[in-house]
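The values are calculated or read from the model by the stated rules, or taken from the named source; none is laboratory data. Worth saying up front: this structure is predicted, and the values here are computed from it rather than measured. Positions of Cβ are backbone-derived with ideal geometry, glycine not excepted, and every protein chain shown enters the neighbour counts.
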Amino acid sequence: MILKEKIAAQLPEWRERVRKLVSENGDMVVDQVTVKQIYGGMRSAKVLVTDISYVDPNEGIRFRGYTIPELLKLLPKAEGSKFPLAGSLYYLLLVGEIPSFVEAMEVENAWKARGVIPPFVFETLRAMPEDTHPMTMFSQAIVSLQHESVFARRYQQGMQREDYWEAALADALNLTAKLPAIAAYIYNIKYGDGGFVSPDPDLDWAANFAHMIGFDSPEYMELSRLYFFLHSDHESGNVSAHTTHLVGSSLADVYYACAAGINGLAGPLHGLANQESLRWVLNLREEFGRNPGTEELEKFAWDTLNSGQVIPGYGHAVLRLPDPRYTAQLEFGREYMPNDEIFKLIEELYDVVPKVLQELGKVKNPWPNVDAISGTLQYHYGMREFDFYTVLFGVSRILGVTANLVWARALGQPLERPKSLTTKMLEDIVVKAK
Ligand SMILES: CC(C)(COP(=O)(O)OP(=O)(O)OC[C@H]1O[C@@H](n2cnc3c(N)ncnc32)[C@H](O)[C@@H]1OP(=O)(O)O)[C@@H](O)C(=O)NCCC(=O)NCCS
């Protein structure tokens, strides 16, 4: 398997680089932690490392050093498509190089070979109450697959530490291969006729998801490719990535770690914001009609804030500019749905909401994030089940977090265990310092 060979070839150099850095400079101070950070969600504390992606506050995400516009150009695509194959992105995340078309197709084909879902996963999903949230079902499906974990089995057999990453890679490929079919099955039993649609062997991973939920239009397949590309990774500190890393650091396998990350993604301040954001825009239309003016948009934004709520889809813990993942989707909308009324509203809100948030005075980043638009594009094509939007996010996010898990095991990253203090201890530290 090409991914295994490519990673294995890089490992001696990476391991030596990390060993040298830590052994020669282990006591060097990188950052200091303030009382505000300890009480404030560790915002900006530099305590994690990943080489897979980096979020520059003023530029946005880079995957393996490349920006989104660069990758939209450089990564190999399916025939007739403008958007990268998910297999090409996964290769890039894992290997750190832009793959050739043939290399990208190796990943796509490895997924095809591993995509069959064991029947007990379907049975587990069908056994859940009808009104179960699709994120609960998604998480449950992933954790049920833990039964198949290569890592867990080999660990029991006494696997050597240097081999952990290979078993993690096997789990990562086995899990990611199944995600489109799992997500599609959840969609079909919750909102469709409950049937399982077999993947089309001629379609790529992302387009197959569209096919399996019955959204067979070439445009929706393009949106799936873009969507799964954009949401995959956002460095290591966000809740889904950090949770996955933390749980994986206990040597819980890829399935346990990813299910935990997906549970984190289900929170309204993280992945759930995409459904909240569209709901907010639809409420706006309900209150002010189909073509609200600027003053009405402003009023709605202020009413939201004055009622103590956040404006979903705006703001970010790290970014200080319009999220390039938002911009890429905006460009998609301009090309494929310029006259869609809700899309037009999204464009108008861009001129209104940041000003309102700036006037509020405390918001560090008034610009739209990825969630301000993603639901609108799905809605346009007829995916109107808001609860499902975060599952789409999850399918994509697992590409990023599993690539990180493989490298965390490859570089021997240990159990994560920061230290907590009591409030009294912090008060004493402050008194002593003064
Ligand atoms: C993403 C988010 C959680 C980041 O939080 P953060 O790092 O604490 O952001 P800030 O440092 O700018 O927050 C400072 C203040 O501005 C507020 N703020 C930030 N974004 C806001 C928004 N979109 N609407 C209203 N208030 C907002 C915060 O709630 C905080 O208020 P507080 O001091 O009274 O608690 C926050 O911007 C948010 O809630 N946005 C809306 C939800 C969303 O879109 N989430 C998806 C993120 S990809």
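A few remarks follow.
- Whichever residue in segment 334-365 is basic (Lys, Arg) and either over 23 Å from the mean Cα position of the chain (by Cα) or assigned to a helix (DSSP H, G or I) (or both) and, among such residues, is surrounded by the most Cβ atoms within 10 Å (Cβ to Cβ): LYS344
- Search result, residues across segment 98-116 that are assigned to a loop (DSSP other than H, G, I, E, B) and either under 22 Å from the mean Cα position of the chain (by Cα) or under 14 Å from ARG225 (Cβ atoms) (or both): ILE98, PRO99, GLY115
- Yes/no for LEU405 being away from the ligand (no atom under 16 Å from the Cβ), in contact with a helix residue (DSSP H, G or I) (Cβ under 7 Å, 6 or more places away or on another chain) and assigned by TED's automatic domain parsing to the domain that holds SER236: yes
- Annotation note: Cβ proximity below 8 Å between a residue of segment 315-338 that is within 24 Å of GLU219 (Cβ to Cβ) and touching a residue at least 60 places away in the same chain (Cβ under 8 Å) and a residue that is away from the ligand (no atom under 16 Å from the Cβ) and among the hydroxyl-bearing types (Ser, Thr, Tyr) (sequence gap 6+ or interchain) occurs for PRO324/THR67.
- Among (1) within 11 Å of the ligand (Cβ to nearest atom); (2) without any contact (Cβ under 8 Å) to a residue 60 or more places away in the chain - the single one GLU276 does not satisfy: (2)
- Remark: pairs (first residue in segment 137-165, in the same structural domain as ASN404 (by TED's automatic domain parsing); second residue at pLDDT below 95 and part of a helix (DSSP H, G or I); Cβ separation under 9 Å; 6+ apart in sequence or on different chains) = PHE138/THR390.
- Criterion: loosely packed, with under 13 Cβ neighbours inside 10 Å and among the aliphatic types (A, V, I, L, M) - qualifying residue of LEU72, LEU21, LEU92, LEU48: LEU21
- Restricting attention to segment 164-189, the residues that are hydrophobic (A, V, I, L, M, F, W, C) and over 20 Å from the mean Cα position of the chain (by Cα) add up to 4.
- Filter pass, THR132 being farther than 29 Å from LEU85 by Cβ and part of a helix (DSSP H, G or I): no
- Taking the criterion of being within 20 Å of the chain's Cα centre (by Cα) and over 22 Å from LEU179 (Cβ atoms), the only residue of segment 73-97 that qualifies is GLY96.
- Summed over segment 26-46, residues that are in a helix (DSSP H, G or I) and closer than 15 Å to SER420 by Cβ total 4.
- Those residues of segment 366-380 which are near the ligand (Cβ under 7 Å from one of its atoms) and outside any helix (DSSP H, G or I), in sequence order: ASN369
- Looking across VAL30, VAL95, VAL49, VAL35, one residue alone is touching a Lys or Arg at 6+ places or on another chain (Cβ under 6 Å) and under 30 Å from LYS364 (Cβ atoms). It is VAL30.
- Lone unmet requirement of (1) outside any loop (DSSP other than H, G, I, E, B); (2) more than 19 Å from ALA210 (Cβ to Cβ) for GLY87: (2)
- Residue within segment 102-117 that is closer than 29 Å to TRP407 by Cα and among the aromatic types (Phe, Trp, Tyr) present: yes
- Residue check: THR390 meets all listed conditions (1) hydroxyl-bearing (Ser, Thr, Tyr); (2) at pLDDT below 95; (3) more than 23 Å from the chain's Cα centre (by Cα) but one, namely (3).
- Given (1) outside any helix (DSSP H, G or I); (2) within 27 Å of SER249 (Cβ to Cβ); (3) not small (Gly, Ala, Ser), number of the condition LEU426 does not satisfy: (1)
- Selected residue (only one of ALA257, ALA252, ALA184 is more than 16 Å from the ligand (Cβ to nearest atom), in contact (Cβ under 8 Å) with a residue 12 or more places away in the chain and out of contact with any Leu (no Cβ under 8 Å at 6 or more places or on another chain)): ALA184
- Contact map, segment 358-369: residues that are in contact (Cβ under 8 Å) with a residue 12 or more places away in the chain paired with residues that are more than 6 Å from the ligand (Cβ to nearest atom) and basic (Lys, Arg), Cβ distance under 6 Å, separation 6+ or inter-chain. Pairs shown: ASN365/ARG320.
- Enumeration of residues in segment 285-332 that are more than 16 Å from the ligand (Cβ to nearest atom), within 31 Å of the chain's Cα centre (by Cα) and farther than 14 Å from ILE346 by Cα: GLU286
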